[in-house]
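What follows is a single structure, written as C-alpha cells, with notes after it.
What follows draws every value from the coordinates through simple rules; no lab data is involved. Keep in mind the model is a prediction, meaning the values are calculated, not measured.
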Amino acid sequence: MFLEELLNEQERIIEILSKAREDIEKSPEGTLRITRSKSNPRYYHRKNSADRTGTFIKAKDMNLAKKLAQKRYAEDVIHELEQKEELIDAIINSYNDSNIPSIFRSYNEARQ
C-alpha cells in the first residue's frame, strides 16, 4: 500500500541521514577550495570562513582533499533529504484512515 511505501522511504532516508551526519563528524574542520592552474586542479584547505584562499594541499595530502569533498557532499545530501523527510512526514501524518468511520457516523441514520 501507499502508506507502507512512504514508511519504507522514510526509513531509508533516516539511514542515509545518519550516515551523512557520521561522515561530517569524522571530517576535518574547514572546507575545500578548488582552482585551476592550466588544466590541473589545485586544492586548498580553508580552515575558517575568514580564510579566503586557504592552505595549498600537496599531492601527498590528497586524502585531506577527499575528506573535505566528502564532507561537502554529506552536507548537501543532508540539506536535500531533510526536506524530503519533512514532506514524507507531513503526508504520513495527514494520511489517517481513522477519520473514515467518523465520517460515516456523522451521517443521518437514514443515510447510513
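With a ≥ b ≥ c the root eigenvalues of the C-alpha gyration tensor of the chain, is it rounded (a/c under 1.5), prolate (a/b larger than b/c) or oblate?
Note, shape of the chain comes out prolate.
If amide H atoms are built 1.01 Å from N in the plane of the peptide, which residues on other chains or at least 5 residues away come under 5 Å of the amide H of residue 27?
Those lying under 5 Å, H to H, from residue 27: there are none.
For residue 26, which lysines qualify as cross-link partners when the Cα separation must be under 28 Å and same-chain residues fewer than eight apart are set aside?
Leaving aside lysines fewer than 8 places away in the same chain, those within reach of residue 26 are 47, 58, 60, 66, 67, 71, 84.
From the Cα gyration tensor of segment 1-67, with a ≥ b ≥ c the square roots of its eigenvalues, which class applies: rounded if a/c is under 1.5, or else prolate if a/b is larger than b/c, or else oblate?
In terms of gyration-tensor shape, prolate.
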